[in-house]
Amino acid sequence: MDKDLDALEAALGRFMKAMWRPKSWEAVQQIAKTNIDRPGASLLMTLSDSNADCRLHELAIKMGVEAPSVTRTVQRLEQDGLIARAVDPNDRRATRIVPTRRGLAMTRSLRQAKR
């Protein structure tokens, strides 16, 4: 059983590395008819996978990256209309990040293209 899980983990690791290679990403972008960069796509997919809005630091933890990287990517995606900020009802000083309809549509297109 452990051997099978190890083999599966190794195969998934190779697959993920291949998917994030520049040539592979260019093909995904072309099929999805978008020019979103990989960090933006990763953030958008992570946000859509969570089925809920997130604060910036929560999103950074889910993605396993530093908060400043998330902040810059969120700003770009917000300018592109793919995500929006909403006031946190529990803490009016904080904002939550939510995907827009356009962002969710792009997520679906990217997933189809990757398949």
Of the peptides 84-96, 54-66, how do they stack up when ordered by the mean number of other Cβ atoms within 10 Å, highest first? 54-66, 84-96
Which value in deg cm²/dmol, rounded to the nearest 500, describes the helix-derived mean residue ellipticity at 222 nm for the chain, given -39,500 (n - 2.57) per DSSP H run of n ≥ 4 and division by the residue count? -21000 deg cm²/dmol
Per-bin percent of Cα-Cα distances, the chain [5 Å]: 2, 11, 19, 20, 18, 13, 7, 5, 3, 1
Of all accessible surface on the chain at a 1.4 Å probe, what whole percent is carbon and sulfur? 52 percent
Using the crude model of +1 on Lys and Arg Cβ and -1 on Asp and Glu Cβ, and no other charge, please compute the dipole size for the range 74-115 relative to its Cα centre, in debye to 20. 260 debye
Counting heavy atoms of the protein chains only and a 1.4 Å probe, report the per residue accessible area for the range 49-115 as a whole number of Å². 65 Å²
Rounded to the nearest 10 degrees, what's the angle between the helix 67-79 long axis and the longest principal axis of the chain, both from Cα atoms, 0 to 90? 70 degrees
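The values are calculated or read from the model by the stated rules, or taken from the named source; none is laboratory data. Not measured: the values here are computed from a predicted model. Using ideal geometry, Cβ is built from the backbone for each residue, glycine included, and neighbour counts are taken over all protein chains shown. Heads up: the accessible areas ignore ligands, DNA and RNA and are worked out on the full protein's heavy atoms, side chains in. Shrake-Rupley method; radii C 1.70, N 1.55, O 1.52, S 1.80 Å.
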